Amino acid sequence: MAAAKKTASVRKDPRPKPVNSGSPYFDLVNEDPSVKYTWVYKAAPEMGVDYYRDAMGYEPVQFTPGGVKPRVGKILEQGQYIESMGHILMFCSKERAKEIEETGVDGQSGQQYADLIERKMRNSQKGIADLSRNISFRSAQGGEYFSLEAERGSIAMADTGAD
């Protein structure tokens, strides 16, 4: 009896879809390249529209024909605020957005502050050597153990023997 002939299956991939299923509602067309846009949830109890406007300097975007708008959504009229899925579109200049990123909303945080903290952290080779200076894995008599001097005069020990 002859063995049945196998046919190769043909791979059929699904059509690519957006990673964020809501993205068509938040995708923008006709963006101004000198402006940073962000969608802000209107019902947010903290960091909502008032925070973005008063603390960060963003302004709500009003629709103008030929201007920025969501790819998907209702038909807008001149001067109407651009909203989608409970969010309102807000904008600020790219310079202001960069300033917020670098120095934070309060002028004392942001990436510059994070860089300062990182420089103060003990993550250099000298710092690592200093932190591990009091760690040993053998006693002076040659026995295996782990010892770490946590504070002056205190020792933590763990037996690594097989018993």
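Only one of 123, 134 is at pLDDT below 95, more than 28 Å from the chain's Cα centre (by Cα) and of a type in the set (S, T, N, Q); which?
134
Among what's in region 18-70 and is in contact (Cβ under 8 Å) with a residue 60 or more places away in the chain and not in a loop (DSSP other than H, G, I, E, B), pick the residue that is nearest to residue 99 (Cα to Cα).
36
What are the residues in region 79-96 that are in contact with a strand residue (DSSP E or B) (Cβ under 8 Å, 6 or more places away or on another chain), free of Cβ contacts under 8 Å to residues at least 40 places away in the same chain and surrounded by fewer than 20 Cβ atoms within 10 Å (Cβ to Cβ), if any? Give the derivation first.
Here is the first cut: in region 79-96, the ones in contact with a strand residue (DSSP E or B) (Cβ under 8 Å, 6 or more places away or on another chain) are 79-84, 86-94, 96.
Checking the rest, the ones that are also free of Cβ contacts under 8 Å to residues at least 40 places away in the same chain come to 79-82.
Answer for region 79-96, where residues must be in contact with a strand residue (DSSP E or B) (Cβ under 8 Å, 6 or more places away or on another chain), free of Cβ contacts under 8 Å to residues at least 40 places away in the same chain and surrounded by fewer than 20 Cβ atoms within 10 Å (Cβ to Cβ): 79, 80, 81.
Evaluate region 97-106: report whether one residue or more is free of Cβ contacts under 8 Å to residues at least 24 places away in the same chain, among the basic types (Lys, Arg), assigned by TED's automatic domain parsing to the domain that holds residue 45 and surrounded by 11 or more Cβ atoms within 10 Å (Cβ to Cβ).
yes
Got a number for residues in region 67-78 being under 21 Å from residue 34 (Cβ atoms), surrounded by fewer than 18 Cβ atoms within 10 Å (Cβ to Cβ) and out of contact with any Asp or Glu (no Cβ under 6 Å at 6 or more places or on another chain)?
1
Could you list, in sequence order, all residues of region 71-108 that are touching a helix residue (DSSP H, G or I) at 6+ places or on another chain (Cβ under 7 Å), of a type in the set (Gly, Ala, Ser) and modelled with pLDDT of 90 or more?
Matches in region 71-108: 84, 104.
Kindly indicate whether residue 41 is closer than 17 Å to residue 83 by Cβ, within 21 Å of the chain's Cα centre (by Cα) and not acidic (Asp, Glu).
Criteria met by residue 41.
The values are calculated or read from the model by the stated rules, or taken from the named source; none is laboratory data. Model, not experiment: these values are computed from the prediction. Don't worry about glycine lacking a Cβ; one is built from the backbone with ideal geometry, like all the others, and counts go over all protein chains shown.
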